Amino acid sequence: MPANPTNDLWESMSTMRAMRRLKPDPVPDELINKILQAGQWAPSGGNTQRWRFLVVKDPEVKKKVQVYYKRLFDESVGPRYATSPPPPGSDAARYKRQHAAVEYLTDHYHEAPVWIVACLEDGENPGRTTGSSIYGAVQNMCLATRALGLGTTLTTRHTGYGKEVDAIFGLPSGAHSYAILPIGWPMGNFGKLGRGPLKEVVYGDRWGQPFAGL
Ligand SMILES: Cc1cc2nc3c(=O)[nH]c(=O)nc-3n(C[C@H](O)[C@H](O)[C@H](O)COP(=O)(O)O)c2cc1C
C-alpha cells in the first residue's frame with residue numbers, strides 16, 4: 001500500500017522532502033507510468049518536447065553509475081558538506097542529518113528499485129536555458145512521486161562524470177542526461193520542509209526593496 005499518498009498539491013509541495021532512504025521493494029509499473037505521464041505534461045520551450053525518459057531497473061547499469069556517483073561524493077560533495085554552513089531554514093543538527101542522508105543515498109543509490117533518468121535531445125552545445133525544457137518535467141515527476149506516497153530525490157551529481165554515465169545509459173551523441181530520480185517506497189515520513197523566511201528572498205520592483213504584499 002502506498003505510504004501517505006495525497007491528491008492535495010499544496011500538501012505535496014510542502015512535504016516533498018528529499019527522500020534518500022528507500023526500500024528495495026518493487027514499485028509497480030502502473031505507478032511509474034503515472035509519474036512518467038506527469039513528466040510529459042510539463043511545458044518545454046517552443047513545445048519542442050525533446051525529452052526522453054529512461055526507466056532503469058537493471059542492477060548492473062545502476063551499479064556502474066553508482067560507482068561514479070560515489071566517486072563524486074568522495075572527491076567533492078562529502079568534503080563540501082563537512083565544511084559548509086547550514087543553509088537557510090536549517091541548523092547544525094539538521095544539516096548533519098542531511099549530510100548523513102546524502103551519504104546513505106550515495107552508498108545505496110543503485111538499490112532504489114527504479115530510476116527515471118531525464119534526458120534531452122539537446123544537440124552538441126546546450127546553452128544557458130536548455131535545462132529549463134527538462135527540469136519542469138523533472139519537478140512534475142517529483143510531485144507525482146510524492147502524491148503517490150513514493151519517495152525520490154532530484155539528483156544531478158552524476159553529471160560530474162556526464163560523458164561516462166551517458167555512455168553507460170547508451171545515449172547517442174546529441175542527447176544528455178540531466179537528472180536521475182531514484183524512486184522507491186520511503187523508509188521515513190514525509191515532513192515539513194525547512195526553508196528560510198520568504199521575505200528574505202522576495203523583492204518588490206527593484207532588487208533589494210521589500211515587497212509590501214508579504
Ligand atoms: C538541481 C538539484 C540537484 C540535486 N542533486 C542532488 C544529488 O545529486 N544528490 C542528492 O542527494 N540530492 C540532490 N539534490 C537534492 C537537494 O540536496 C535537496 O533538494 C535539498 O537538500 C533540500 O532538501 P529538502 O527538500 O528535503 O529540504 C539536488 C537538488 C537540486 C534542485
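The values are calculated or read from the model by the stated rules, or taken from the named source; none is laboratory data. Everything quoted here is computed from the prediction, not taken from an experiment. Backbone-built Cβ (ideal geometry, glycine too); neighbour counts: all protein chains shown. Protein only, heavy atoms only, side chains kept; ligands, DNA and RNA dropped before computing areas. Shrake-Rupley method; radii C 1.70, N 1.55, O 1.52, S 1.80 Å.
Which one of the conditions (1) open to solvent by 40 Å² or more (accessible area, probe 1.4 Å); (2) more than 16 Å from MET19 (Cβ to Cβ); (3) within 11 Å of the ligand (Cβ to nearest atom) does TYR81 fail to meet, given that it meets all the rest?
Checking TYR81 against (1) open to solvent by 40 Å² or more (accessible area, probe 1.4 Å); (2) more than 16 Å from MET19 (Cβ to Cβ); (3) within 11 Å of the ligand (Cβ to nearest atom), the one that fails is (1).
Which one of these does GLU200 not meet: (1) open to solvent by 80 Å² or more (accessible area, probe 1.4 Å); (2) within 16 Å of the ligand (Cβ to nearest atom)?
(2)
Can you say whether VAL102 is modelled with pLDDT of 95 or more and under 17 Å from GLY162 (Cα atoms), as far as the supplied structure shows?
Spelling it out, it is not the case that VAL102 is modelled with pLDDT of 95 or more and under 17 Å from GLY162 (Cα atoms).
For the range 169-196, give me each residue that is open to solvent by 50 Å² or more (accessible area, probe 1.4 Å) and not small (Gly, Ala, Ser). Working first, answer last.
To start, the set of residues in the range 169-196 that are open to solvent by 50 Å² or more (accessible area, probe 1.4 Å) comprises 170, 172-173, 176, 187, 189, 192-193, 195.
Those that are open to solvent by 50 Å² or more (accessible area, probe 1.4 Å) and not small (Gly, Ala, Ser): PRO172, HIS176, MET187, ASN189, LYS192, LEU193, ARG195.
Under the condition of being free of Cβ contacts under 8 Å to residues at least 40 places away in the same chain and of a type outside the set (Gly, Ala, Ser), which residue from the range 153-165 is most open to solvent (accessible area, probe 1.4 Å)?
Across the range 153-165, the extreme among qualifying residues is LYS163.
Right, TYR81: under 23 Å from GLY196 (Cα atoms), in a helix (DSSP H, G or I) and of a type in the set (Ser, Thr, Tyr) or not?
So TYR81 passes the test.
Could you please give the count of residues in the range 118-140 that are within 13 Å of the ligand (Cβ to nearest atom) and open to solvent by less than 20 Å² (accessible area, probe 1.4 Å)?
4
Select from the range 84-121 the residues that are in a loop (DSSP other than H, G, I, E, B) and of a type outside the set (D, E, K, R) and list them in ascending order. Let's see the steps before the verdict.
Quick first cut of the range 84-121, residues in a loop (DSSP other than H, G, I, E, B) only: 84-91, 112-113, 121.
Result: SER84, PRO85, PRO86, PRO87, PRO88, GLY89, SER90, ALA112, PRO113.
Please name all residue pairs, on different chains or six or more residues apart, with Cβ atoms under 8 Å, provided the first residue is in the range 3-31 and is under 29 Å from ASP58 (Cβ atoms) and the second residue is among the aromatic types (Phe, Trp, Tyr) and more than 15 Å from the ligand (Cβ to nearest atom).
Once the first residue is under 29 Å from ASP58 (Cβ atoms) and sits in the range 3-31, its partners that are among the aromatic types (Phe, Trp, Tyr) and more than 15 Å from the ligand (Cβ to nearest atom) give ALA3/TRP185; LEU22/TRP185; LYS23/TRP185; ASP25/TRP185; VAL27/TRP185.
For the range 88-106, does any single residue satisfy the condition of being open to solvent by 50 Å² or more (accessible area, probe 1.4 Å), over 30 Å from VAL201 (Cα atoms) and more than 17 Å from the chain's Cα centre (by Cα)?
no
Just name the residue that is farthest from the ligand (Cβ to nearest atom) out of those in the range 1-46 that are surrounded by fewer than 12 Cβ atoms within 10 Å (Cβ to Cβ) and aliphatic (A, V, I, L, M).
Ranking the qualifying residues of the range 1-46, first place goes to MET1.
Determine whether GLU75 is surrounded by 11 or more Cβ atoms within 10 Å (Cβ to Cβ), of a type in the set (Asp, Glu), over 28 Å from ARG195 (Cβ atoms) and modelled with pLDDT of 95 or more.
Yes, satisfied.
THR145 - would you say it is within 15 Å of the ligand (Cβ to nearest atom), hydroxyl-bearing (Ser, Thr, Tyr) and open to solvent by 30 Å² or more (accessible area, probe 1.4 Å)? Talk me through it step by step, then tell me what you get.
Details: within 15 Å of the ligand (Cβ to nearest atom): yes; hydroxyl-bearing (Ser, Thr, Tyr): yes; open to solvent by 30 Å² or more (accessible area, probe 1.4 Å): no.
Spelling it out, it is not the case that THR145 is within 15 Å of the ligand (Cβ to nearest atom), hydroxyl-bearing (Ser, Thr, Tyr) and open to solvent by 30 Å² or more (accessible area, probe 1.4 Å).
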